[in-house]
1. Hey, can you grab everything whose amide H is under 5 Å from the amide H of LEU101? Only 5+ residues off in sequence or another chain; H modelled, so Pro and N-termini drop out.
2. Could you check the simple spin-label distance between VAL31 and ALA106, using points 7 Å along Cα→Cβ, in nm with one decimal?
3. Using each residue's phi in region 75-87, evaluate 6.51 cos²θ - 1.76 cosθ + 1.60 at θ = phi - 60° and report the 3J(HN,Hα) Karplus result to the nearest Hz, with x for Gly and Pro.
4. With labels modelled as points extended 7 Å from the Cα through the Cβ direction, what inter-label distance (nm, one decimal) is found for SER55 paired with CYS156?
5. Starting from the Cα of ASP135, move 7 Å in the Cα-to-Cβ direction to define the label point; list residues of region 68-101 whose amide nitrogen is under 19 Å from there.
6. Run the quick spin-label model on HIS121 and THR42: label points 7 Å from Cα toward the beta carbon, then report their separation in nm to one decimal.
7. Can you give the local net charge around ILE54? Use residues other than it whose beta-carbon is closer than 12 angstrom to its beta-carbon, Lys and Arg +1, Asp and Glu -1.
Amino acid sequence: MVLLLSTFLAAIPAVATPDLPRTWQWPVPGVHHVVTPFQAPTHDYGPGHRGIDISVAVGSVVHAPADGVVAFRGVVVDRPLITIDHGDGLVTTLEPVSSQLSVGTAIAAGEEVGTVAHGGHTPIDQLHLGVRLNDVYINPMLLFSDVPRAVLLPCCA
């Protein structure tokens, strides 16, 4: 049984998360209501939700969650978005966000990067935040210091 379990666990792609910085700031101020949580796909092309959707009014200011450099700003299909490269393999995409920043612009954590717009797969009045670590999507909630970690309790006393 132990061999079977260890074989199964070894087959699951792992993303090292213990060394992630947990000092990121929320991209929007106020109460952070996550409408749609992260749901990891079972494989690269599987269904899932590769980020979180935060409830926020259209026109709200969006801030950089951490220091970085604008890697992309433009429209993809029907939605404006901005992508920030934070270094060390961490890349954030915020959508739908209208921005006037240029690719290559250095930005500091908390700096304004644009405003919530319309378009895309996210319902109106929501902001999608996706984060990739070395090209693999991870749960953005791992990066916010005000989100408590899960604690495993003893099973059977």
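1. none
2. In this crude spin-label approximation the distance works out to 3.9 nm.
3. Values, residue by residue: 10, 10, 6, 10, 9, x, 8, 9, 10, 10, 8, 9, x Hz.
4. Going by the 7 Å Cα→Cβ label model, 4.1 nm.
5. 71-72, 83-93, by backbone N distance to the label point.
6. 1.8
7. The answer is -3.
Each value in this text was obtained by applying a stated rule to the coordinates, not by laboratory testing. Small disclaimer: the values here were computed from a predicted structure and weren't measured. Quick reminder, even Gly has a Cβ in these numbers, built from the backbone with ideal geometry, and neighbours come from all protein chains shown.
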